[in-house]
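Asks: Below is one structure. I have some questions about it.
The values are calculated or read from the model by the stated rules, or taken from the named source; none is laboratory data. Worth saying up front: this structure is predicted, and the values here are computed from it rather than measured. Glycine gets a Cβ as well: all are built from the backbone with ideal geometry, and neighbour counts include every protein chain shown. SASA here: full protein model, heavy atoms, side chains in, ligands and nucleic acids out. Shrake-Rupley method; radii C 1.70, N 1.55, O 1.52, S 1.80 Å.
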Amino acid sequence: MVAWSSLFVLAITYMISFLDRQILVLLIEPIKADLQLSDTEISLLSGAAFGLVYTVSGLFMGRFADLWVRKYVIMLGVALWSLLTMACGLAQSFLQLFVARTGVGLGEAALTPAAYSMIPDLFPPERLNRVMSIFMVVGVVGGSGAALLLGGLVIGVFQGISAINLPLLGALKIWQLVLLAVGGLSLAMLIPLAFTPEPIRQKSSLSTHGNSLSTSSFSDVLKLLWSNRPIYGPFTIATAFLLLTGYGVGAWLPTYFVRVVGWSASQTGVLMGLVYIPSAIAGGLLAGWSADALRARGIAHGALWVMALGGAASVLALHITIFGPPIFWAKVSGLMLTNFFGMVPVAVYPAILQQITPAEVRGQVSAIFLFIINLVGLACGATIVALVTNQILQDEQAVGTSIAIVASVATFIMLAALLWGRRALAAHMADDLQP
């Protein structure tokens, strides 16, 4: 019971962190109009401003997670990102919003490495894929879905209202009020986190190939990764380009529906949220169950197949969504398939990482891994799509084509990387099944 309640608190915290970072996507048009920003500047706010700081500071947060009480690391991060999200709501210029977004990235960097380290200590290995998929589904789907729904509802309810006057704060735009509200919501998570017990750190059952592990030396962790580069290298590359696809699509697909298809911002947010939540939940839970079922049959690397097939299917569904018939239900059906298959690889890659990583250094390895994949995916995904639109296609109405181009190239690289490292990964993942 303690394990499941701890997982619930961590998953809800992760969900709210995604809400804080993704809400900006549905507020792009009002922010762009109020602050007179370009697509490239908007992409920097949703990508690089958050992503660069998030990736770099995650290295330090991962080390803290291996050396300190992990729930305290998370609580410190929650307090920081909540206050800075509220600061985003008070921004009056691009520079102010950019600086505040970097602070949000600094705070959120504390959560994932610490949570990745805690969850395998709460559950047995045979449940890891399912448990991690639940964590990812609640966090990614719940947070992103809530951002879409909240953004769409707010835009619809307050459409035509330019600003609201508040005591002490003065006249604030609707998008500013939304950011203040979600920042306050995440700050409230400090209460359940304070009552969440710190699990006992487990000893690793995996072979370390002769490396001496020590949480007192970051260089030991780097040596471990370097000596196992045939394992970590391909998997890291594959996941990085998986995230590049996800963040690029997530940042600009709502804009595609508004600009090209002609849906209103409110309709887009509500519809995408309603479609995304059930389809992505189904895809994520099926992915975790399938990976554990394959593992139970002795196929320890079954999660790799789940990751590859889900990634390939999602990009095909994305093409159906963008280039299919311009009919409402055709777009909705394509979007459902894109969400379903898109969540499949996202739900299993954290469990794969924990399965190939010694328990003693999961926080630091997760932080290094997240540093690399977010440097490629989170920091670059949204901006690369914008650059293809503005610099190559030179047509804002071609944003759908830009999304498809970037997603196709990134998914091809992901599949090639998994093919390249499949034997080393499979052999190492099988070590965990040895008695």
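Table: residues versus (1) within 30 Å of Ser264 (Cβ to Cβ); (2) under 21 Å from the mean Cα position of the chain (by Cα); (3) among the small types (Gly, Ala, Ser).
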{"residue": "Asp34", "(1), (2), (3)": "yes, no, no"}
{"residue": "Ser46", "(1), (2), (3)": "yes, yes, yes"}
{"residue": "Thr55", "(1), (2), (3)": "no, yes, no"}
{"residue": "Ala87", "(1), (2), (3)": "yes, no, yes"}
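Asks: Here's another thing I want to ask about it. May I ask you to list the residues in the range 250-289 that are aromatic (Phe, Trp, Tyr) and farther than 24 Å from Thr401 by Cα? Even if it seems obvious, please write down each step before you answer.
Replies: Taking the range 250-289 and keeping what is aromatic (Phe, Trp, Tyr), we get 252, 256-257, 263, 276, 289.
The answer is Trp289, and nothing else.
Asks: What are the pairs with Cβ atoms under 6 angstrom where one residue, in the range 250-275, is at negative phi and the other, located anywhere, is assigned to a loop (DSSP other than H, G, I, E, B)? Sequence gap at least six, or different chains.
Replies: Phe257/Trp263
Asks: For the range 51-63, name all the residues that are at pLDDT 80 or above and under 13 Å from Ala382 (Cβ atoms). First the steps, then the outcome.
Replies: Within the range 51-63, the subset at pLDDT 80 or above is 53-54, 56-63.
Those that are at pLDDT 80 or above and under 13 Å from Ala382 (Cβ atoms): none in the range 51-63.
Asks: Take the range 291-308 and flag every residue that is assigned to a helix (DSSP H, G or I) and without any contact (Cβ under 8 Å) to a residue 40 or more places away in the chain. Before you say what the answer is, go through the steps one by one.
Replies: Residues of the range 291-308 assigned to a helix (DSSP H, G or I): 291-296, 302-308.
Hits for the range 291-308 are Ala293, Leu294, Gly302, Trp305.
Asks: Return the residues of the range 72-112 that are open to solvent by 10 Å² or more (accessible area, probe 1.4 Å), assigned to a loop (DSSP other than H, G, I, E, B) and in contact (Cβ under 8 Å) with a residue 60 or more places away in the chain; say none if nothing qualifies.
Replies: Result: Leu90, single match.
Asks: Out of everything in the range 364-389 that is of a type in the set (Gly, Ala, Ser) and within 17 Å of the chain's Cα centre (by Cα), what residue ends up being nearest to Phe257 (Cα to Cα)? Walk me through it before giving the result.
Replies: Here is the first cut: in the range 364-389, the residues of a type in the set (Gly, Ala, Ser) are 366-367, 377, 379, 381-382, 386.
From what's left, within 17 Å of the chain's Cα centre (by Cα): 366-367, 377, 379, 381-382.
Details: Ser366: 35, Ala367: 35, Gly377: 22, Ala379: 23, Gly381: 18, Ala382: 16 Å.
Step by step, filter the range 364-389, then rank; the result is Ala382.
Asks: Do you know which residues across the range 273-303 are buried (at least 17 other Cβ atoms within 10 Å of the Cβ) and basic (Lys, Arg)? Working first, answer last.
Replies: Residues of the range 273-303 buried (at least 17 other Cβ atoms within 10 Å of the Cβ): 273, 275-277, 279-288, 290-292, 294-295, 299-303.
Within the range 273-303, Arg295 is the sole residue that qualifies.
Asks: Can you tell me which residue is modelled with the highest pLDDT among those in the range 5-30 that are among the β-branched types (Val, Ile, Thr) and crowded, with 23+ Cβ neighbours inside 10 Å? Reasoning before the result, please.
Replies: So in the range 5-30, the residues among the β-branched types (Val, Ile, Thr) come out as 9, 12-13, 16, 23, 25, 28.
Still in the list and also crowded, with 23+ Cβ neighbours inside 10 Å: 13, 16, 23, 25, 28.
On the way: Thr13: 93, Ile16: 88, Ile23: 77, Val25: 68, Ile28: 75.
Taking the candidates together, the pick is Thr13.
Asks: Looking only at residues in the range 75-104 that are of a type in the set (S, T, N, Q) and under 24 Å from Met118 (Cβ atoms), which one is modelled with the highest pLDDT?
Replies: Taking the range 75-104 and keeping what is of a type in the set (S, T, N, Q), we get 82, 85, 92-93, 96, 102.
Okay, now just the ones that are also under 24 Å from Met118 (Cβ atoms), so 82, 85.
Numbers: Ser82: 93, Thr85: 90.
The selected residue is Ser82.
Asks: When you scan the range 173-190, how many residues do you find that are buried (at least 18 other Cβ atoms within 10 Å of the Cβ) and of a type in the set (Gly, Ala, Ser)?
Replies: Summing the residues that are buried (at least 18 other Cβ atoms within 10 Å of the Cβ) and of a type in the set (Gly, Ala, Ser) in the range 173-190 gives 2.
Asks: Same structure again: Would you mind stating whether Ala49 is in a helix (DSSP H, G or I), open to solvent by less than 10 Å² (accessible area, probe 1.4 Å) and on the phi < 0 side of the Ramachandran plot? If you could, list the steps in order and put the result at the bottom.
Replies: Values: in a helix (DSSP H, G or I): yes; open to solvent by less than 10 Å² (accessible area, probe 1.4 Å): yes; on the phi < 0 side of the Ramachandran plot: yes.
Against the criterion (in a helix (DSSP H, G or I), open to solvent by less than 10 Å² (accessible area, probe 1.4 Å) and on the phi < 0 side of the Ramachandran plot), Ala49 qualifies.
Asks: Moving on. Anything in the range 60-71 that is closer than 22 Å to Val140 by Cβ and open to solvent by 10 Å² or more (accessible area, probe 1.4 Å)? List them, or say none.
Replies: Met61, Lys71
Asks: Here's another thing I want to ask about it. Evaluate the following for Val260: is it in a helix (DSSP H, G or I) and farther than 19 Å from Leu128 by Cα? So that I can check it myself, show each step before the final result.
Replies: Working: in a helix (DSSP H, G or I): yes; farther than 19 Å from Leu128 by Cα: yes.
Here the answer is yes, as Val260 does meet what is asked.
Asks: Here are the criteria: (1) modelled with pLDDT under 85; (2) over 24 Å from the mean Cα position of the chain (by Cα). Tell me which single one Ile392 does not satisfy.
Replies: Just one mismatch for Ile392, condition (1).
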